[in-house]
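As structure tokens, the structure follows; a few thoughts come after it.
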Amino acid sequence: MFPPLGYGRREYTVAERSVGQGADTLPVPRRVATLSVHTSPLHQPGTGDAGGLNVYVAEVSRRLAARGVEVEVFTRATASGVPPVVELAPGVRVRHVVAGPFEGLAKEDLPAQLCAFATGVLRAEAGRPPGWYDAVHSHYWLSGQVGWLARDRWGVPLVHTAHTLAKVKNAQLAAGDRPEPLARLIGEEQVVGEADRLVANTAAEAAALVDGYGAAADQVAVVAPGVDLDRFRPPSVGCAQTVRRRSRRECGLPPDGPLVAFVGRIQPLKGPEVLLRAVAALARRDPAAVAGLTVAVVGGPSGSGLDRPAGLIELAHRLGIADHVHFLAPLPPPRLAVLYRAADVVAVPSYSESFGLVALEAQACGTPVLAAAVGGLVTAVRDGVSGALVEGHDPQRWAAALARLLGDPARLAALGAGAAAHAERFSWDRTVDSLLTVYGEAMRRNQHRLRARLAATAGRAAW
């Protein structure tokens, strides 16, 4: 006979989790089950469904493991030949769960496979000793649905990070993009209602969870993502121009002239067409301003962008700027750092961003960012110090902002220095510090809850 949900698996180990003494001492997890149903931290960001979430899970998992917290990441297997378990780093295992066909399954089709995925997660835990995991951390609403079940079955707290919210995306929908379906809105509301703690990237996202989803204010913790400051770093003082030319050669880009880069998935949400239309508008208004200008578009089609994978290339030809635009495949992090250092400006014209890791990575390399004043980009980019924020997505307004930046080398240099300094405020180690506090608070509340249940059960048995 199975024990009651959220009770029996933990009753023998509740007292073993606390460390230290005193009311201010928080428990420290030994093992965390991380759920990332729709995309794997092993996947290359910039195409398909891989993006900032992948980077977040990989970087946080590595640093948790370095602190002595084992992490097991559960993700859906998307190829028949993939090993069941892959070591991402010492102390971090990625477990591939078979749920549905390996290929040809869009993210929108995954809700039908959540039962199969949840079964795989529960079976993996069932082969462990009771109380193996101390917390569940789910990423994106699909994972939250599975995390909700695992939390109840294992009697551990559920920490959830949404990364994007359907209500926010639908309120800022790009032209030609598809709205998020009702099933996702309902699913997100359910996860918000069940999670022990919600992790928001910014105060704006926290407000959206409280105001738009009914989360309790004390349920939400604001934890900013980070950047790998060892990998993404600016050139040495006095070497910027030399590094920029060398970096452009490595990327196969023209060595001279201004370079504006876009990095991300090619889909309406990310707004790459805004940048192209802005360059075309600038060319019509002041042809000399775009003489020698190169636009590097780095990424692959995703989401509704899969409907027309060559649409951005066709747009560049229609706008008459095809000679200025270079399309590059998604780049691994070391190569991405080279590209950031090659650019004069990195453009992030997204319609919605929970944070914007691309903006942070570029600034860490000493490259100013021109970004839309939406969502987390308002936090990721310090307007007038590390880059510039643009209200709205009007190509004329973006063209004017580009002209101001590219036409003022002294300002660009000052913004570059400000960008590197601003990015220093964000690190993955700081992110993990905050997450460990969130885990500890959730675990302590869970311990109190389980003790109360045990006491109530003992009382009923005595009666």
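Taking the range 177-191, which residues are part of a loop (DSSP other than H, G, I, E, B) and surrounded by 13 or more Cβ atoms within 10 Å (Cβ to Cβ)?
Within the range 177-191, Asp177, Arg178, Glu180, Pro181 qualify.
Taking the condition of being at pLDDT below 95 and either under 19 Å from Ala65 (Cβ atoms) or among the polar types (S, T, N, Q) (or both), how many residues in the range 428-463 meet it?
3
Check Lys107 against each of (1) closer than 17 Å to Gly144 by Cα; (2) surrounded by fewer than 18 Cβ atoms within 10 Å (Cβ to Cβ); (3) at pLDDT 90 or above; (4) not acidic (Asp, Glu) and name the one condition it does not meet.
(3)
Scan (1) surrounded by 17 or more Cβ atoms within 10 Å (Cβ to Cβ); (2) modelled with pLDDT under 95 for the single condition Ala221 breaks and write down its number.
For Ala221, the exception is condition (2).
Matching residues to (1) modelled with pLDDT under 95; (2) over 17 Å from the mean Cα position of the chain (by Cα); (3) crowded, with 19+ Cβ neighbours inside 10 Å:
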position	(1), (2), (3)
Lys270	yes, no, yes
Leu276	no, yes, yes
Ala280	no, yes, yes
Ala288	yes, yes, no
Ala291	yes, yes, no
Ser304	yes, yes, no
Pro309	yes, yes, no
Ile313	yes, yes, no
Ala337	no, yes, yes
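Is it fair to say Ser138 is more than 22 Å from Ala207 (Cβ to Cβ) and hydroxyl-bearing (Ser, Thr, Tyr)?
Here the answer is no, as Ser138 does not meet what is asked.
Test of understanding: among Pro84, Pro111, Pro41, Pro129, which residue is farther than 20 Å from Gly226 by Cα and touching a strand residue (DSSP E or B) at 6+ places or on another chain (Cβ under 7 Å)?
Of Pro84, Pro111, Pro41, Pro129, the one residue that is farther than 20 Å from Gly226 by Cα and touching a strand residue (DSSP E or B) at 6+ places or on another chain (Cβ under 7 Å) is Pro84.
Could you check how many residues of the range 332-380 are free of Cβ contacts under 8 Å to residues at least 60 places away in the same chain and in a helix (DSSP H, G or I)?
Residues that pass the stated criteria total 3.
Among the residues of the range 201-212, is there at least one that is hydroxyl-bearing (Ser, Thr, Tyr), within 23 Å of the chain's Cα centre (by Cα) and buried (at least 21 other Cβ atoms within 10 Å of the Cβ)?
yes
Give me the pairs: first residue in the range 211-236 and farther than 22 Å from Glu189 by Cβ and in contact (Cβ under 8 Å) with a residue 40 or more places away in the chain, second residue acidic (Asp, Glu) and crowded, with 19+ Cβ neighbours inside 10 Å, beta-carbon distance under 6 Å, and six or more apart or on different chains, which are they?
Val227/Glu361; Phe232/Glu361
Residue by residue, here is whether (1) touching a strand residue (DSSP E or B) at 6+ places or on another chain (Cβ under 8 Å); (2) farther than 17 Å from Val346 by Cα holds:
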position	(1), (2)
Val243	no, no
Arg249	no, yes
Pro255	no, no
Pro272	yes, no
Pro287	no, yes
Val290	no, no
Thr294	yes, no
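Residues that are farther than 24 Å from Gly155 by Cβ and either out of contact with any helix residue (DSSP H, G or I) (no Cβ under 7 Å at 6 or more places or on another chain) or without any contact (Cβ under 8 Å) to a residue 40 or more places away in the chain (or both): which strands (runs of 3 or more DSSP E) entirely in the range 25-92 hold 3 or more of them?
85-89
Considering the range 65-85 alone, what residues qualify as being over 18 Å from Trp428 (Cβ atoms) and either surrounded by 16 or more Cβ atoms within 10 Å (Cβ to Cβ) or in contact with a Ser or Thr (Cβ under 8 Å, 6 or more places away or on another chain) (or both)?
Glu72, Phe74, Thr75, Arg76, Ala77, Thr78, Val82
The values are calculated or read from the model by the stated rules, or taken from the named source; none is laboratory data. Computed from a predicted model, the values in this text were never measured in an experiment. Backbone-built Cβ (ideal geometry, glycine too); neighbour counts: all protein chains shown.
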